[in-house]
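Comments concern the structure below.
The values are calculated or read from the model by the stated rules, or taken from the named source; none is laboratory data. Remember, it's a predicted structure, so these values are computed and weren't measured experimentally. Here the Cβ positions follow ideal geometry from the backbone for every residue, glycine too, while neighbour counts run over all protein chains shown.
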Amino acid sequence: MNDWYLGIDLGGSNISAALMDSHGRMRQLKKIKTLAHEGKAQVISRLVELARAVPQEANLKTQNLRAIGLGVPGIIDVPNGVVLYSPNLPGWTRVPIRRALQTALKKPIMIDNDANVAAYGEKWLGAGREVENLVVYTLGTGVGGGIIVEGNIFHGHNHAAGELGHVTILPDGPRCACGNHGCVEALVSGTAIARVAREALKKSSDSLIYELCGRIPDDVTAKHVFQAARKGDALANKIVTQTGQYLGIAVANTINLLNPELVIIGGGVSGAGELLLRPVRAEVKKRALKDSLAATKIVVAQLGDQAGVIGAAGIAMLAKLSRNSNPKRRRTA
Ligand SMILES: [Zn+2]
């Protein structure tokens, strides 16, 4: 009889859950709306409902569900299972989510930051399989990051490590959601790419991007930019190259800092593939130290938007391994 783990990815818009076994086979994937505006008590009861529904729908016996893992956007106190703060979930400050779920579901629960969890997913079953030291950039509306050191998520002193999106690349660059200027997120996120395109289109509509966004610059998305770049549009290619250069500076810094074996680029923006990676690699080559660079590959993520649920099931296995140990030492299990 297999042991099963439930991975849950709690996002600002959707909650996804999947059952996985320890070999990485997935069974039953379900997605519901978060409805974050209804408040944290409602979101927690929807989490509990979902965590009950998915094993039931798979006809799984309760005793075969060993543990539950949860990825949450924001700063997470991992050893204590507390969401300290979440920018995407209004009202979530110091929420003891593990205790709440454990009381309702009577299973060992492991929680972590969503980008850390997605990175762990890529390490377990995605582009980072069999790699022990890797870094994952998740480029979407914002830029998330996860650092895996010797097979484990690196949390830092105060649980806030791996915020790769808020490393400064351009001192006087555009303002970031965090308040700083010129962060990676303010330069290479989908939002940033769309902003650059919008500003350019307002000056001149001489670009395929203008047609793709229905001639309404305010509707332009990063996807339009990449589509136009593929068709050889000059403005689009200029924006993609510039984005790749900024990301390349960030990746080169990360390579010099951590000497990882692999840098994985994931999230919606990574759908651009080689179009984006080419300028990234060119910039990294200029900036990273030779010895580190020779050992590091830069690749696109493999799990798409399932990295979160898969990684969450992955960290659930750690909950099982360490459920009787001192919670402060969980991560070393
Ligand atoms: Zn920032």
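Could you tell me whether G146 is away from the ligand (no atom under 16 Å from the Cβ) and in a strand (DSSP E or B)? Criteria met by G146. Taking each residue of the range 175-193 that is at positive phi and looking for partners that are more than 9 Å from the ligand (Cβ to nearest atom) with beta-carbon atoms closer than 7 Å, six or more apart or interchain, yields G182/I169; G182/L170; G182/P171; G182/D172; G182/G173; G182/P174.
Apart from one condition, L47 fits all of (1) surrounded by fewer than 22 Cβ atoms within 10 Å (Cβ to Cβ); (2) out of contact with any helix residue (DSSP H, G or I) (no Cβ under 6 Å at 6 or more places or on another chain); the exception is (1). Any residue in the range 193-207 that is away from the ligand (no atom under 12 Å from the Cβ), outside any strand (DSSP E or B), surrounded by 14 or more Cβ atoms within 10 Å (Cβ to Cβ) and basic (K, R)? Yes - at least one qualifying residue is present in the range 193-207. Would you say C178 is at pLDDT below 95, near the ligand (Cβ under 8 Å from one of its atoms) and not β-branched (V, I, T)? In short, yes. Here E185, E163 are screened, and the one residue that is more than 22 Å from K238 (Cβ to Cβ), near the ligand (Cβ under 10 Å from one of its atoms) and in the same structural domain as I249 (by TED's automatic domain parsing) is E163. In the condition set (1) closer than 19 Å to P279 by Cα; (2) within 21 Å of the chain's Cα centre (by Cα); (3) more than 16 Å from the ligand (Cβ to nearest atom), G232 is compliant with all but (2). If the condition is being part of a helix (DSSP H, G or I) and β-branched (V, I, T), then the range 255-293 contributes I255, V269, V280, V284. Return a yes/no flag: does the range 118-128 have any residue that is modelled with pLDDT of 95 or more and in contact with a Lys or Arg (Cβ under 6 Å, 6 or more places away or on another chain). Looking through the range 118-128, none of the residues is modelled with pLDDT of 95 or more and in contact with a Lys or Arg (Cβ under 6 Å, 6 or more places away or on another chain).
Looking across the range 106-143, the residues that are more than 24 Å from A272 (Cα to Cα), part of a strand (DSSP E or B) and touching a Leu at 6+ places or on another chain (Cβ under 9 Å) come down to I109, M110, I111, D112. Is it the case that V131 is under 14 Å from the mean Cα position of the chain (by Cα) and of a type in the set (A, V, I, L, M)? Against the criterion (under 14 Å from the mean Cα position of the chain (by Cα) and of a type in the set (A, V, I, L, M)), V131 does not qualify.
All conditions but one from (1) farther than 22 Å from V240 by Cβ; (2) hydroxyl-bearing (S, T, Y); (3) not in a helix (DSSP H, G or I) apply to T103; the one that does not is (3). Here's a check for you: in the range 149-184, which residue that is outside any loop (DSSP other than H, G, I, E, B) and of a type in the set (A, V, I, L, M, F, W, C) is surrounded by the fewest Cβ atoms within 10 Å (Cβ to Cβ)? Here the residue is V149.
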